[in-house]
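Here the structure comes first, spelled out in structure tokens, and everything after it is commentary.
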Amino acid sequence: MLVPQGEIPPKTTITVTVGPSFEECLDITWSTDPPSAASCFDEFVIEMVIDHNRGRHGEDEKRLAPAKDAMVKRVSMGTDRNACIQNMPSGRHFLVAVVAKLRGAVKVRGSWTPALTLAPQSRKTPICGFDPLGNPRRDCKGCPCPGYVGHAWNANTVEKSRCRRCGCEYTSHVLVETQEILDRRTKDARKYLQREPLVELPPEAIDWEERECLMWFGTEGRFHPRTALGGSLPSTAHGSHGHARRVSVVTPTTEARQHFHRQLWGCFTAQTWSDKELVVVETYVNKSSEFLDEVAKQDSRLIHLKFQCKPGQDWSIGTKRNMCAHVASGELLANFDDDDLYAPAYLTTLVSAMEEQSAQAITLSGWYVFHAGPREWKFCDPIAWGLTKGHDESDDAVRSWAYGYGFSYVFRRQAGLDFFYEDVNFGEDFLFMSQLQRRKGPRSVALFHDDFGICAHIQHGANTSDSIPLRDVPREEASDLAVTELGAHFERGLLAAGHESLEAVLQEPSRERRRRVTAHLCGGDWPGGTRPARVAVVECAVGATVAEFLAALERELGEKCEGAEVYRVPPAHALVSRAGAAPASVAERDDLAASVLGIAFLADLPEAKEHLEPETKSGRQWRKLLETAKCPLESWSRIDLRTKQLWLLPPAAADNTEVHGDAQREEFVIVRGAHKKSSAKALKGVSNFQVRLPTGADVATLRFVLGRSLPATAKVLADGPKGDSITLKDTDLVPEAITVTDFKFSRTYFVHMSQKQTIEAMTMIRAFLRKPETQAKVLALEAEAGGNRFAFSLLVSRMYQQEAYPAISRRNGFPDDALDAEVFPHLIGNHLRSNIDISFLWMEVEVLGRQWSGAEDGLNHVNWFREERGVPPVCSWQEFYEWVSPIEMNRLEALDHLRRDFGDLLQPL
């Protein structure tokens, strides 16, 4: 029976059916029950919200509903009962519903139904761009889709013939002749490379990336980017990002450099980084490297690609570097020059430094150089050298020196695929780093000043680039360089011809490198009582950390030095000058800082005086270097080779020392934020706030720091070039001033904490909790709470707020109220999964504070890290709790025992 228009049958329902999934499209159909009810409505509206549960609803799917404050997108479909909603964000989960309206009023609402869009990362590369008949397709004639993306399909799945991106039929996409595309790519490459002639691209190159085509042209068609290793490239089994935690050492070389290959292999095998491979691309005229050929047969860690070239027709270093990145399987790539020396800890040191700064790449900004001819050691520091010429760190010439030497590049494989090297033999390194910084921001490339000799750049007259000599290195200093540890790994005669003089420098396997350091202990309240100022001479290992130095000092003195703050240049208020007990002048402290940095002689150069005046840019940079040397050392910091004396403040004095450590060493910006209030109800909320972020932070980092104060649906706006407001994406860099569309917390100052700052803060809380009086107070607070764990947690948090957080804030230059019981755990949680030292410290702090939920979380993270490294976990939570929870248990001794037995993956404290 037909229902008259406008008369809606009782109990009418709407059923939504979600069709096949696409990347930027939702395919939706719906029906009414009874079917005849559909004609009663004059409009159907689709409602869509992002599903933050990502489809994980389980048994509750019948009761699906979005959050109350969710942003709902509505699309009117008229009287249609099917829709293809395009321009949807890819790789997201949604909830969709259909409502039926009559004369503008909602009459029937359907249930929320889950839907999703596919992620582009899940594409199967070989079929992208080709329709089911194998023909290349371009942009869509029916929508803005820029190019056809195919599915894996068969004759029984008609929907798979539709574009994976936009959902349109493949016939809607422009058909392109394969040869037309290949000819256009060849023409573009000819213009880019300025080279004639070019080898014709094969038909399968229709699906190649630009980088792959350039490698084909750069090798005259000798290198096929998809079959170089007998498999499909560039995606490895672990994706284009590479095998997690694997480092691929990459080296381009030639037949003329085969006498360096034993040395290269020796440096590679000596690296303490466990999961590694060596990728060598060699070109030769007569014969490939017999040594590498033989090693490759016996050791699968070596990938040796060799190509014979005609005399005078060798491929460029840039092309070979691109080939190395293409076939590498590691998440991280490290350039090794075949003639340089790399200490066993080289990879571990640079990878750790890069990850600490959340960078895409890292390179040495200061390094040791060995001149093979005169057999002299030098130290090269482009930034310091530039200051004497009146060029600060931002000067183009200084940047080309600091970032332009590829022998020390370590970078993520994805960056090596996204930003390829130019097809040249000189300057390809700096061009690579420059485009990485242009696209990812200046902080995407970190610098590491090598004060320990983890790398020796060899000058022998055949290098493709020359370093800038800065200062002479005495033999005593050279004999303590970290590269001398290679003596335990190299056989006699392993060094290349012309480097034999280095064999005298490499230490014998049985020789342990030791040194003496003078310790100046300032008077004050030390553990065990008040003590006067005194001096001690300590023998420790070369390259010892501050923690190891303090342990040696404790053995020398027979007393505890726990919690001491250690300086290379003494603090002004604690300095005992050379002349006696009087505090030193500013000039004396500056002289000591310059001496520690190895740049003291620069100030005496004739041209340096005018360039280092305080009002000049280079002078301000010089002052920044000196201030860095005056900062306290971290417990894990290694004592550099130039430091002969150290000054120690007692713990009480150290706690009151303001703005040291990361606050001065790490560059940051203060972002000004404003809340764009959208309703009268919001007028009482916060209107302005500030956020302290690391320089180069993106919007995703800003959102994390603001936490619950900035809802996920809130937009972050900035002023556009024409004075209008633009919405920033999570990957955009944060400008100095922003506006947010929603803000839900009364705090007005927010801070970001780096891994170093977090470890330092946790170490300070750990030291605070280890005091006997603090442990007694914790037990008293637990008794006061009367078994109420929530009340006990609040009491402990209040104790931290009053007695621990202020010292951390002062040390880092934060306002006193920047940290509290909600903010601090939130900032710590950002690093728990990325740093085992933080996880272990968190576990210790929570045990000492008897906060068992947090302690369990910390133990679980520690066990996860250990299992990831292939070592047994500490124990189960139940075993751990039964061990450390009894009130009579000495938790300090228990945790010390735990750190001794399971601290194999930890930095020493």
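Every number here is computed from the coordinates shown, using simple stated rules; none is lab data. Remember, predicted model here, so these are calculated numbers, not experimental data. When we count neighbours, we look across all protein chains shown, and the Cβ atoms used for this are built from the backbone with ideal geometry, even at glycine.
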Quick one: what Rg and Dmax do you get for the range 260-388 from the alpha carbons, in Å? 16.8, 52
In a solvent-free Debye calculation with one equal scatterer on each Cα, what is log10 I(q)/I(0) for the range 243-504 at q = 0.09, 0.10 Å⁻¹, listed in the order of the q values? -0.37, -0.46
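Write down, largest first, the equivalent ellipsoid semi-axes of the range 755-902 in whole Å, where each equals the square root of 5 times an eigenvalue of the alpha-carbon gyration tensor.
Working: eigenvalues 108, 83, 34 Å².
One finds semi-axes of 23, 20, 13 Å for the range 755-902.
Counting other beta carbons within 10 Å of each residue's own, what order do Arg123, Arg850 fall into, fewest first? Can you show the working numbers first?
Numbers: Arg123 18, Arg850 22.
Ranked by crowding around the Cβ, least crowded first: Arg123, Arg850.
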Dipole-positive endmost among Leu333, Gly266, Val778 within the chain (Cβ charges, Cα centre): Val778
Specify which residue in the list Val18, Ser36, Val106 is farthest towards the positive end of the charge dipole of the range 13-116, using unit charges on the beta carbon of Lys, Arg (+1) and Asp, Glu (-1), about the Cα centre. Val106
Arg412's amide H: which non-local residues (gap 5+, or another chain) put their own amide H closer than 5 Å, with H modeled 1.01 Å from N in plane and none for Pro or chain starts? Leu333
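Of the listed pairs Lys440/Lys644; Lys440/Lys744; Lys389/Lys756; Lys378/Lys630, which have alpha-carbon separations greater than 28 Å here? The partial results should precede the final answer.
Values: Lys440/Lys644 40 Å; Lys440/Lys744 31 Å; Lys389/Lys756 33 Å; Lys378/Lys630 25 Å.
Listed pairs above 28 Å: Lys440/Lys644; Lys440/Lys744; Lys389/Lys756.
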Do any of Lys276/Lys297; Lys107/Lys676; Lys624/Lys771 go past 29 Å between their Cα atoms, and which? Lys107/Lys676; Lys624/Lys771
Taking every pair of alpha-carbon atoms in the chain, what share in percent sits in each 10 Å bin, from 0 to the bin with the longest distance? 2, 9, 16, 21, 20, 16, 10, 4, 2, 0, 0, 0
How big is the range 182-237 by Rg and Dmax over its Cα atoms, in Å? 11.2, 37
Could you derive backbone 3J(HN,Hα) for the range 242-252 from the dihedral phi with the Karplus parameters 6.51, -1.76 and 1.60 (θ = phi - 60°), listing whole Hz in sequence and x where the residue is Gly or Pro? x, 5, 4, 6, 9, 10, 9, 7, 10, 9, x
Roughly how many Å is it from the Cα centre of the range 517-559 to that of the range 269-345, as a whole number? 46
Phi-based couplings in Hz for the range 523-533 (Karplus 6.51, -1.76, 1.60; Gly and Pro marked x): x, x, 8, 9, x, x, x, 7, 9, x, 5
Reachable aspartates and glutamates, given that their alpha-carbon falls under 14 Å from the alpha-carbon of Lys101 and they are not under 8 places away in the same chain: Glu7, Asp42, Glu43, Glu47, Asp80
